[in-house]
Structures are given as C-alpha cells and as structure tokens.
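The values are calculated or read from the model by the stated rules, or taken from the named source; none is laboratory data. Note that the structure is a prediction, hence the values are computed from the model and not measured. Positions of Cβ are generated from backbone atoms using ideal geometry, with glycine treated the same way; all protein chains shown enter the neighbour counts.
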Amino acid sequence: MLGRAALLAALALSFSWSASAEDLGVYGETFEITEEDLLHQIQRRLGEMRASGELDRLEHEFVDRAKAKIIRPDPVPGITRTVEPRSWTYDPSWTAPEDITDTEGRLIIAAGQSVNPLDAVAMRTPLLLVDGDDREQVDWALAQADASIWGAKLILVSGAPFELEQEIQQPVYFDQRGLITAKFGVTSVPARIRQEGRMLRVEEVAP
C-alpha cells in the first residue's frame, strides 16, 4: 500500500515538473490589446465635435450664458421686499488670531487684540441695498444718495446693474453670492447700512 502511494506521488511530481517546463502551445483565439488611451479618446472626440460644428455651438452657448450672468446675475436668494421696518447695530470689531507684523517684523497688532476698523477709516458712504427690478426701491435709493453729502453706494440684490448704471449715470454694484446681506443679516430690501459712532447701523426700510 505504501509502495503504491509512493509511486503515485512520484508520478504526480514528475508530471507537474514536465508540465511546467513544456510549451503547451496556444489554445483558443487571442486578441491584441487595443484599448484606446484616455487622452487620445478625448482628443479624438474633440476633433469629431469640431468637425461637426458641435464644439463651436457649445462654445457660443457658454459665452452667451456667461454674458447673461454678467448682465443679469442670479438674484440673492431669500431676500424679500421690506414690509415691517427694523433696525439694529453691527459691531465690525474683530480679534487678531495671531500676531500681525509688518515686512520688517515689527508688531502691528498683537494676538488676541480687538480692533475696530472704524477707528482708522470712517465709512462716510452709506450702502443702499435694493431690488433693481423694483422702481420704487430704486427711486428711494436715488433720493437717499442725493440727500447724503457723501453720496451712497447703490448695491442690487436682483436686477441688471449695468443697465441701471447707464440709466442713472452713476456706479451700481451687485451683492455677488449674497456676501453683504449675509454678513449684516439683511433679509429684506430696501436696506441701508451707515456708520453710527464705532458701530454700523443696519436698517431695513419700507420705501
């Protein structure tokens, strides 16, 4: 019994050794690897799109959309027309998170020090936030600007700033991405932001 087992083991070992050394040839159909490089795919697709005119059409559509966004930016979301006037103060002070030095290493502001920018630069020009598509709000803003000896900055939360600028012949700005309204907590317009001592007075006004 042991001899038979040993013989089978020897035969198996002999077969596996010869099989590993023998060229068994090719079985079945083989194919060359022809997968296209991703960059070549992109270049080929762009070439096809340019030849068909599709790329030019997409470029024109992109330019037209960009122009439209500049002429009439997306309205600031969540801003309504003022119904109930309200007023509050905003403290522009901030605390330095670390030492601030000049280019020669001299300390300007120490870490932890509270700084109010109004102590250094006065905000002489009020900010007027309005809906440019609401004529009553625009007229209110123009009257406010005329009444101020320093004028005012007209900032739209909706509407076409360049069109209005050409009409009134003075600069018109837009609250891009709602940064100003969010910073001061404005939720309705028209609104006015002006300096009041070392604070800023924020007012939502019913025109």
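So here's what we get for this one:
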quantity: Matching option when the condition is β-branched (Val, Ile, Thr) and surrounded by 19 or more Cβ atoms within 10 Å (Cβ to Cβ), among Val138, Val121; calculated: Val138
quantity: Residue check for Val157: closer than 26 Å to Val189 by Cβ, surrounded by fewer than 17 Cβ atoms within 10 Å (Cβ to Cβ) and of a type in the set (A, V, I, L, M, F, W, C); calculated: no
quantity: Condition check for Trp150: exposed (fewer than 13 other Cβ atoms within 10 Å of the Cβ), farther than 13 Å from Ile79 by Cα and of a type in the set (A, V, I, L, M, F, W, C); calculated: yes
quantity: Test: residue in the range 148-171 that is part of a loop (DSSP other than H, G, I, E, B), under 15 Å from Ala206 (Cα atoms) and modelled with pLDDT of 95 or more; calculated: no
quantity: Matching entry among Arg192, Arg177 (being out of contact with any helix residue (DSSP H, G or I) (no Cβ under 6 Å at 6 or more places or on another chain) and not in a helix (DSSP H, G or I)); calculated: Arg192
quantity: Selection within the range 97-138 - in a helix (DSSP H, G or I) and in contact (Cβ under 8 Å) with a residue 24 or more places away in the chain; calculated: Pro117, Leu118, Asp119, Glu136, Gln137, Val138
quantity: Selection status of Ala182, in contact (Cβ under 8 Å) with a residue 12 or more places away in the chain and aliphatic (A, V, I, L, M); calculated: no
quantity: The range 195-207, residues that are aliphatic (A, V, I, L, M) and part of a strand (DSSP E or B); calculated: Met199, Leu200, Val202
